[in-house]
Amino acid sequence: MDKKWWQEAVVYEIYCKSFCDSNGDGIGDLPGVMGKLPMLKDLGINCIWFTPIYKSPQVDNGYDVADYYDIDPAYGTLEDFKKLLDMAHSMGIRVIMDQVLNHSSDECVWFQESRKSKDNPYRNFYIWQPPKADGSEPNNWGNRFREGNGSAWTFDELTGEYYLHQYSAKMPDLNWEYEPLRQEIYKMLRFWLDLGVDGFRLDVFTRLKKPAGLPDAVNASDPALDRNGYILDGSMCTCVEGIHEILHDIWANVFGPADCYTVGEGSGINAGNAASYISPAAQQISSVYHFNLSSRKREPFTHAQFRKVQSDWAKLHEAGCWATQYFSNHDSQRQVSHYGNDGLYRVPSAKLLAALTLTTPGTPYLYQGEEIGMVNVQFDSIEDYNCRYTLGDYAAMVAQGADPKTAIRTVGPRSRDNARTPYQWNAAENAGFTTGKPWIKVNPAYKEINLEADRESPDSIFAWYQKLIGLRKTHPAILNGGLEFCDADSPQVLAYTRSCPEETLLVIANKSDAEAEFALPEELAKRPWQPVARNLPGDFPAPEATAKPWECRIYKA
Ligand code: NOJ
């Protein structure tokens, strides 16, 4: 069956703020990205996802949008964006924009109007509630950043009511029950489609619907971090009944008629409920990325979890759904640090993870820097951190009596800032990211780990990504094949086949720090396996040869 363009795409996520600064103000920008398009083309990707580059006070680095129709001046102008879009398109690279539809910035004109009076035409664009009889918040929900007193409600003196914010008080939640808000959002989405963007990544799309009556939360997601009796229960506003109606309405008004690609950030999504959002019959969104494997806070996934999640999601393809693959993004740790080994085996483990992303079913999402094996960072001072979760978790820990040094060592490893330090272009000052003072410190590892050094190395991670991306074009099994694990539940080796009528590919990945013995099931062992790619130098051994730590091999029969 013919594939949609986005099923054949390899997407590269750009966190513009940290990518490339062209004017020395310490902040990455659009002209900076334009200058690097040839490098992205060379890598082989064919779609860019921009995290929000709209005008924003940058409380949450752009996920707090103040003007949905304009580019933040730190990144450039709308003209720059149009130029970039043209350039990308002329190079065969599509562009999808992040859309933040759950909340805006409090500096957005809609909120500025909304707070003015109870009868302002924009009042119901947001979720306002009167105080309880004792003056307290309408319910006990906590905000996700554990900001302020911890509540998800902020009182506004002007009209004597509280407004809801699942995140920062500077990021009020939008009210999807209100038709004029919907129409305003649809107009805005059409504006970007008319400009020529190819689709959208939808921020926290499962949180648009709030539970009827806004009842108190009972179950804390992480009791240790709840504050002052305000409970953070992620499920209160995630995948709430009625969410499908909202998503279908957006689809019917915008996504469907435009036939554009949409990928949702799938909090609360798993293989069991995914089809109700992403099957073509659901008429909601095209695809989703889930958190079943990747999480900045949880322990790395086990081999058993990997097999189960991949097998379950692969089955969804039979139902006409389409998955995505990724291990990291701007909200995570660096993948080689979290799921690989960023010491002795940094290079082979970065390559092994790339192979898992690029040879399992679905659209791969790469995050800037993984193609050179960028690693986590540990700052010593809380002043050097920027991520709202990190600041909130740190403050909560210290308030509960933790010693600041312990607190920083606890929040640092799971901070989103691990992924947000500037791209490491070369070994020059500030990793070649800026000639000014970077908005967030550069990872000191840049002297050894940078694009220039990687590309000069015979062991280049970048070159391995190029190779794998290339394989997707010449091996139909990667795009169309079924997935079958064949590793007898080995605690070290993940091995699977991808089979379509034309060919079978076999991937063998020793995801461990030790050598591993490995045997194939009999029927596979006797097939004539031809070498395709290996992440270590030297002779290409047979499938059942002992696998070195983090060795990964791909064969074809
Ligand atoms: C998910 C985004 O990826 C994250 O960076 C942001 O903080 C929250 N949504 C709130 O918009």
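The values are calculated or read from the model by the stated rules, or taken from the named source; none is laboratory data. Treat the numbers as computed from the prediction; the structure is a model and nothing was measured. Note that each Cβ is placed from the backbone with ideal geometry, even for glycine, and that neighbours are counted across all protein chains shown. All accessible areas refer to the heavy atoms of the entire protein, side chains included, with ligands and DNA or RNA removed. Shrake-Rupley method; radii C 1.70, N 1.55, O 1.52, S 1.80 Å.
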Item to check | For the range 481-486, 3J(HN,Hα) per residue [Karplus equation, 6.51 cos²θ - 1.76 cosθ + 1.60, θ = phi - 60°, Hz, x = Gly/Pro] | outcome: x, x, 10, 9, 7, 9
Checklist entry - Expressed as a rounded percentage, what relative contact order does the chain have, with Cα pairs under 8 Å and six or more residues apart? => result 12 percent
Item to check | Normalised contact order of the range 1-53, rounded percent, pairs of Cα under 8 Å and 6 or more residues apart | outcome: 45 percent
Checklist entry - Out of residues 5 or more away from L202 or on other chains, whose amide H comes under 5 Å of its own, with H placed 1.01 Å from N in the peptide plane? => result Q99, V263, G264, E265
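Using a Förster radius of 35 Å, what is the FRET efficiency between S117 and A224 based on their Cβ-Cβ separation? Nearest 0.05, please. Intermediate results must be reported in sequence, preceding the final value.
Values: r = 41 Å, r/R0 = 1.17.
For S117 and A224, the calculated efficiency is 0.30.
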Checklist entry - Quick one: if you stick a label point 7 Å off each Cα along the C-beta vector at N273 and S381, how many nm between them? => result 4.3 nm
Item to check | Residues with amide H under 5 Å from that of T154, placed H, sequence gap 5 or more | outcome: Y163, H165
Checklist outcome for this item: Expected vector for the range 357-363, Karplus 3J(HN,Hα) from phi with 6.51, -1.76, 1.60 and θ = phi - 60°, integer Hz, x for Gly and Pro, equals 5, 8, 10, 9, x, x, 8
Checklist entry - For the range 220-248 and the range 513-549, what is the separation of their C-alpha centers, rounded to whole Å? => result 45 Å
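Before anything else, pin down the relative contact order of the range 478-556: Cα pairs under 8 Å, at least 6 apart, normalised by residue count, whole percent. Mind dumping the intermediate values first?
Details: 154 pairs, mean separation 24.2, N = 79.
RCO, the range 478-556: 31 percent.
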Next on the checklist: To make sure I understand the rule: partners must be aspartates and glutamates, Cα under 20 Å from the Cα of K41, and not fewer than 8 residues away in the same chain. Which ones qualify?
Outcome noted: E8, E13, D21, D29, D80, D86, D198, E370, E371, E452, D454, E456
Next on the checklist: For a protection proxy built on the mean count of beta-carbon atoms within 10 angstrom, sort 137-147, 179-189, 40-50, 213-223 highest first, please.
Outcome noted: 137-147, 40-50, 179-189, 213-223
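Highest mean first, what order results for 270-277, 107-114, 127-134 on Cβ atoms within 10 Å?
Working: 270-277: 16.9, 107-114: 19.2, 127-134: 13.4.
So the peptides 270-277, 107-114, 127-134, ranked by packing, come out 107-114, 270-277, 127-134.
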Checklist outcome for this item: Taking a straight Cα-to-Cα line shorter than 12 Å from K556, and setting aside same-chain aspartates and glutamates fewer than 8 residues away, one finds E502, E503
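Run lengths n ≥ 4 of DSSP H only: what is the helix-derived mean residue ellipticity at 222 nm for the chain, with -39500 (n - 2.57) per run over all residues, to the nearest 500? Before the final figure, lay out the partial values.
Numbers: 15 runs with 145 residues, N = 557.
After summing the helix terms and dividing by residue count, I get -7500 deg cm²/dmol.
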Checklist entry - In whole Å, how far is the Cα centre of the range 361-425 from that of the range 125-177? => result 27 Å
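Going through the cross-link list K4/K210; K17/K297; K82/K447; K36/K351; K82/K351, which pairs have a Cα-Cα distance over 25 Å in this structure? If you can, show how the numbers build up before the last one.
On the way: K4/K210 33 Å; K17/K297 23 Å; K82/K447 35 Å; K36/K351 22 Å; K82/K351 35 Å.
Distance filter (> 25 Å) returns K4/K210; K82/K447; K82/K351.
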Item to check | Spin-label model distance (nm) - K405 vs M91, 7 Å beyond Cα toward Cβ | outcome: 4.7 nm
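Sort 95-101, 281-287 for me by packing, meaning the mean count of neighbouring Cβ atoms within 10 Å per residue, highest on top. Can you show the working numbers first?
Values: 95-101: 22.3, 281-287: 19.1.
Averaged packing, sorted descending, gives the order 95-101, 281-287.
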Checklist entry - Cα to Cα, under 14 Å, and not fewer than 8 places away if on the same chain: which aspartates and glutamates meet these conditions relative to K526? => result E544
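At R0 = 45 Å, how high is the FRET efficiency between A542 and L195 if r is their beta carbon distance? Nearest 0.05 is fine.
Numbers: r = 53 Å, r/R0 = 1.18.
The calculated FRET efficiency here is 0.25.
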Item to check | ³J(HN,Hα), Karplus 6.51/-1.76/1.60, whole Hz, each residue of the range 248-260, x for Gly, Pro | outcome: 5, 5, 4, 4, 5, 8, 10, 4, x, x, 7, 6, 9
Item to check | Computed accessible area, F125, all protein chains, 1.4 angstrom probe, square angstrom | outcome: 10 Å²
Checklist outcome for this item: Taking alpha-carbon centroids only, the range 17-33 lies from the range 435-477 a number of Å equal to 18 Å
